[in-house]
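Participant: Please find one structure pasted underneath; my questions will follow.
What follows draws every value from the coordinates through simple rules; no lab data is involved. What you see is a predicted model, and the numbers here were worked out from it, not measured in a lab. All Cβ positions, glycine included, derive from the backbone under ideal geometry; neighbour counts span all protein chains shown.
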């Protein structure tokens, strides 16, 4: 925000105040059902921040963020399942009995610890993303090839999770709404309110974190990679390292997002890893404005809210609207809504409507003249 | 021997479906650098055109020729998908050349719209729309030159579109009255029944080869040969390759690059339609039928190396044979006394979905050694 003109800064501040006011007012105004939906969409905003980091800043279009999202969700769900199954036979979650599994699979063990789970929620997705990214980036596979490979990886993870009944309940997924946390049902109204607050706070933290990532030299290198990768390489930077790190960060954010989404939607299942969901994440960012972190948050919440409203009213039409959004945002509005608002074009529109445009000079000159006045 | 033959046949059968589906994609992606995520939906349109053709051939007037409907369906599917593809190219993709990521997103939007279109619009209307588009596109070309001297171009074009719209409405109305199934919108899957000569199997050396699979292999073979001939020998094929190699130079030499773009995209989309015919013979047809093939197609193109037909062919058969070997657990039958840990690993991957996991892992490992696929494009480039 540092480098933006003054009016734009005011504009952003206004948006922030609106958002924070809305978040504070929401629990009082909305019924729990709507509040829960809003909480889910806020958690999706975190994964959108990750997409914005890798796509808006580093130019990597990942169609596989669903992998990391779901991994985070599974981490949270496994802990919750274990936490509430101590009085069940064998002390293992109920669904294992369906497949005749007597013993807990080994990778479930560490999830008995809440601290491990809290770390795993972001670390495991980040490590998976980093490894996958490193293998791809190392070979200078990029652009559309990267997109295709991430999509294929998504499908592979989907198939894997879908087929493993005995390990993670396969296609049915893990339920969390009937599990216990701090002696309360996760699906209960009071818990859901708490989760809403938690999500809202984490969204803000995630925004600060993402801003910290892109503000200094690291962010500049990312933008350099997006705009001209060979030149960055020739200048002596190692793009592979930067891309791997940022992809890992985005994976971690996706994991956190997935965990928050899971506890609020009550289930995590391989359905989170379907191809359309991961591409939708991209369109939230595209509509909100790629390269503007706030845009990612706004886009995710606004589009999902619109989706739920439209699907309630006219179920068949959402696909048309969504398809149209994809086409529109690519052909007519490539910088997204927020990017459009920050550009010159709204002003031009106003000028054309007859509102005269304030004459501006160089900011440095203005500052100097003010100083002179003070003297 | 029998086992190897059976395995090979299954692999080739899986591979040929992949190949025919990936062929159009390889052309569009390889020659134009356009990622078309709506390719699967163009296949879906091809599958639905097979369904519509089949229903039309069930009408009393055409009943005697019912057994030949598959052959007609191939042509119909090619034209239908080709028309939609050309429309797509003219309206959206043309604006996005040189920006593959944007194209990817836009075509995904198109694919969503096409899926929902099939769900919520009766097939008869869809057919009418395609007929109208076809006539509207062909009529201005077919008219005698004299007309253009008499009237201004705009009036002729308007008249053409009016006529085609009228014919389209007529088609859709008559179709929906003649075949009530087509008059209603439905999101349910439909089934294409193969004609009687395609059912059953073909016995050779104690192995039964399902005839549908054989037919698909033949369709694939013809399509590959046709495409190869077209690209290597025909005038327009040579122009397409010229534009691929150097767009601005070809433009300077008088090749209409715009026509080449339309033609390439139309043929690629048309091939997707032919793939749709093959897919419709294998299982039921629904709005999501294309989505299940698209990722496999892209893997074929990436593995084979972009812009290389031979690579596409080898890659799809390799993937097909690998999938069959792993997915059916054939390694265990070939080598029964495998050490136990290995055997349990093989057993773990012996389902269709786990086979995909394994094949993807193998492809990623392969790409570590050959990042540009089996047959990379040669040239002195910083960027590949």
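Participant: Between segment B:142-197 and segment A:238-270, what is the separation of their alpha carbon centroids in Å?
Facilitator: First find each Cα centre; the distance between them is then 48 Å.
Participant: Taking beta carbons within 10 Å but only from partner chains, what does the mean come to for residues B:95-108?
Facilitator: Whole-number average of other-chain Cβ neighbours for B:95-108 is 5.
Participant: Considering Cα pairs under 8 angstrom that are at least six residues apart, work out the relative contact order of chain B and quote it in whole percent.
Facilitator: Contact order relative to length: 33 percent.
Participant: Springs between alpha-carbon pairs under 10 angstrom, Gaussian network model over chain B: which of B:245, B:54, B:116 fluctuates most?
Facilitator: B:245
Participant: Other chains' Cβ within 10 Å of A:153-161 residues: what's the mean?
Facilitator: That average works out to 5.
Participant: Shifting gears a bit: Place the peptides A:235-243, A:50-58, A:31-39 in order of packing, highest mean first, counting for every residue the other Cβ atoms within 10 Å and averaging per peptide.
Facilitator: Top of the packing list down: A:50-58, A:31-39, A:235-243.
Participant: Among A:10-18, B:267-275, how do they line up by average Cβ neighbours within 10 Å per residue, starting with the highest?
Facilitator: The peptides rank, most packed first, as B:267-275, A:10-18.
Participant: Please report how far the C-alpha centroid of segment A:25-39 lies from that of segment A:102-119, rounded to the nearest whole angstrom.
Facilitator: 32 Å
Participant: So, one more: Relative contact order, percent, of segment A:36-285 when contacts are C-alpha pairs under 8 Å separated by at least 6 residues?
Facilitator: In percent, rounded to a whole number, it is 46.
Participant: Compare the peptides B:159-165, B:248-254 by average per-residue count of other Cβ atoms within 10 angstrom and give them in order, highest first.
Facilitator: B:159-165, B:248-254
Participant: Right, here's the next one. Could you check the spin-label model distance between residue A:333 and residue A:185? Points 7 Å from the Cα along Cα→Cβ, value in nm.
Facilitator: 4.1 nm
Participant: Output the Kirkwood hydrodynamic radius of the protein assembly as shown, Cα pairs only, in Å rounded to one decimal.
Facilitator: So the Kirkwood estimate lands at 28.5 Å.
Participant: Convex hull over the alpha-carbon atoms of chain A: what's its volume per residue in Å³?
Facilitator: Convex hull volume per residue, Cα atoms: 186 Å³.
Participant: Averaged over A:327-334, how many beta carbons belonging to a partner chain fall within 10 Å of each residue's beta carbon?
Facilitator: The shielding value for this peptide is 5.
Participant: So what's the back-of-envelope 222 nm ellipticity for chain A, counting only DSSP H runs of four-plus at -39500 (n - 2.57) apiece and dividing by all residues, rounded to 500?
Facilitator: Theoretical 222 nm ellipticity from helices: -23000 deg cm²/dmol.
Participant: What is the distance in Å between the Cα centres of segment B:89-134 and segment B:1-40?
Facilitator: What the calculation gives is 23 Å, centre to centre.
Participant: Summing -39500 (n - 2.57) over the DSSP H runs of n ≥ 4 in chain B and dividing by its residue number, what mean residue ellipticity at 222 nm do you reach, to the nearest 500 deg cm²/dmol?
Facilitator: Helices in chain B give a 222 nm mean residue ellipticity of -24500 deg cm²/dmol.
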